[in-house]
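Visitor: If you scroll down you'll find the structure; I have some questions about it.
The values are calculated or read from the model by the stated rules, or taken from the named source; none is laboratory data. Model, not experiment: these values are computed from the prediction. Cβ placement follows ideal geometry from the backbone for every residue including glycine, while neighbour counts extend to all protein chains displayed.
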Amino acid sequence: MTWLLANLTGMTDLKSKLRSDLTTAMKDRDELSTATLRMLLTAVTNEEVSGKSARELSDDEVLTVIGREAKKRREAAEAFETGGRAVQAQRERDEETVLARYLPTQLTDEELTSLVAQAITEVGATEARQMGLVMKAVQPAAGGRADGKRISDEVRRQLTG
């Protein structure tokens, strides 16, 4: 039934799941999940209407928005922690945990190291100046399962190490 409804309205499976989970969170009176999912759906809608014409985001594009929002929460938590505002930092981490439910499982350090080493071999990179070439090869292979900073740190480590 949900699938039929999503296809009739043109909604992606992931966006439909987010809406369904929001309804469940509201019924369960889960304030954290409700607020986080509302924020996320607003970010998805904003992305859909940005640009020259409104469009429906694909599941991959919705995942990109979720990843971006999770990164914002991670950075805000660090900033609050640095500023001595532990309560706000914890709230940001809790919101990031809610968002993480919808993201693919992150690559382990070993998997990332292997992926970067493979990309370096494929593109024939030998020096740090070729970092951009390696990044272009690794990003699609990582498929959103590793933060860009984490990837670039590993590429830099392998090219300069």
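Visitor: If we only count helices (runs of 4 or more DSSP H) wholly inside the range 1-69, which ones have 3 or more residues that are under 19 Å from Glu96 (Cα atoms) and at pLDDT 85 or above?
Guide: 13-27, 31-49
Visitor: When the residues of the range 70-117 are filtered to those that are more than 15 Å from the chain's Cα centre (by Cα) and not in a helix (DSSP H, G or I), which remaining residue is surrounded by the fewest Cβ atoms within 10 Å (Cβ to Cβ)?
Guide: The extreme case among them is Gly84.
Visitor: Let me ask another. Between a first residue in the range 121-141 that is closer than 16 Å to Asp153 by Cβ and a second residue that is of a type in the set (A, V, I, L, M, F, W, C) and not in a helix (DSSP H, G or I), which pairs have beta carbons less than 6 Å apart while being 6 or more apart in sequence or on different chains?
Guide: Once the first residue is closer than 16 Å to Asp153 by Cβ and sits in the range 121-141, its partners that are of a type in the set (A, V, I, L, M, F, W, C) and not in a helix (DSSP H, G or I) give Val134/Ala125.
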